[in-house]
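The values are calculated or read from the model by the stated rules, or taken from the named source; none is laboratory data. Predicted, not measured: the structure shown is a model, and the values here were computed from it. Glycine gets a Cβ as well: all are built from the backbone with ideal geometry, and neighbour counts include every protein chain shown. What goes into the accessible areas is simple: the full protein's heavy atoms, side chains included, and nothing from ligands, DNA or RNA. Shrake-Rupley method; radii C 1.70, N 1.55, O 1.52, S 1.80 Å.
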Amino acid sequence: MRSKFAVIGLGIFGNSIARTLAERGAEVIAIDNTEDHVEAIKDEVAYAVALDATDIRALEAQNIQDMDAVVVAIGEDFEALLITTANLQELNVKRVITRASNKQQRRILEKMGVQEILSPEGEVGKTVAERLLQPNIRTFLPLPDNYEIVEINAPRNIANRSLAKISLREKYNLNLITIKRFFEEIQDGKPTQVEHIIGVPKADTIIYPSDILILIGKKNDVKRFIDINR
């Protein structure tokens, strides 16, 4: 089955996310309270609708609670963004990703319990879409000739195995640049998980479940590696 996403707020940022998801084969519902924004994208996505996302009944009528994830990309009206986010939480949407335009907005969203917060200044639509389609991918850098450098959570099926046994290069055509690993350290008298780079990995390096791998390879090979080992 195709992944199903909703994007609420169809400004430049939300429009880019919705179009990229649709281009990658996802089923996308595009939502905005402005008819012109909806008209501009209706032929690019599965369904586009003009509605007020601060109305929880209007969202429920679109079966928003059945989406794999919902992106709240409302840019100018922060009150509407907050109410929309609260509505999605009340409807028990599986995954809510919300935009924050500044640090103060981010703090408020964090206090609401929002786990994934986007800052358009540091994110572009294609990057956000990639994160939605491949939840294991934390960040990625597109390169020429369909290559990319990706930072991914260690897939479950390779945890506690050595690099020699995983055979990244031979089986998946991927190269491991390095590993980010968390270590417990005492800071301000409290135990804290601190991220460190472990250097150049060797054949006998063991991958831990909490490791973050930084890989280089072709986009399709990265996707295959994640799909096989998820």
Below 12 angstrom from the Cβ of Leu213, what's the summed charge of the other residues (Lys, Arg +1; Asp, Glu -1)?
+1
Two pseudo-spin positions, 7 Å from Cα along C-beta at Gln89 and at Gln193, lie apart in nanometres by 2.1
Starting from the Cα gyration tensor of the stretch 38-97, take the square roots of the eigenvalues, sort them a ≥ b ≥ c, and report rounded, prolate or oblate (rounded when a/c is under 1.5, otherwise prolate if a/b is larger than b/c, else oblate).
oblate
Antiparallel as a % of all DSSP beta bridges within the chain, to the nearest 5?
60
Per residue, how much accessible surface does the stretch 59-209 expose to a 1.4 Å probe? Answer in Å², no decimals.
58
So which aspartates and glutamates can Lys223 reach, going by Cα to Cα under 17 Å and dropping same-chain residues fewer than 8 places off?
Glu23, Glu130, Asp145, Glu148, Glu151, Glu170
Just list whichever of Lys180/Lys219; Lys42/Lys180; Lys165/Lys190; Lys42/Lys219; Lys111/Lys171 have alpha carbons separated by over 32 Å in the model shown.
Lys42/Lys180; Lys165/Lys190; Lys111/Lys171
Could you give the dipole magnitude of the chain about its Cα centre, charging the beta-carbon of Lys and Arg +1 and that of Asp and Glu -1, in debye to the nearest 20?
1300
Kirkwood hydrodynamic radius, computed over distinct alpha-carbon pairs, for the stretch 128-207: how many Å, to one decimal?
14.7
Using only Cα atoms, locate the centre of the stretch 36-61 and the centre of the stretch 141-179, then give the distance between them in Å, rounded to an integer.
38
Expressed as a percent, the accessible surface of the chain that is carbon or sulfur, using a 1.4 Å probe and the full set of protein chains, is 47
Report the net charge of residues surrounding Gln65, where surrounding means a beta-carbon distance below 14 angstrom and charges are Lys +1, Arg +1, Asp -1, Glu -1.
0
Relative to the chain, whose Cα atoms define the longest principal axis, helix 78-90 and its Cα axis are tilted in degrees, nearest 10, by 70
Which whole number in µm²/s is D for the stretch 1-132 by Stokes-Einstein, with the Kirkwood Rh taken over Cα pairs at 10 °C and 1.306 mPa s?
111
Dividing the alpha-carbon Rg of the chain by 2.2 N^0.38 Å yields what?
1.13
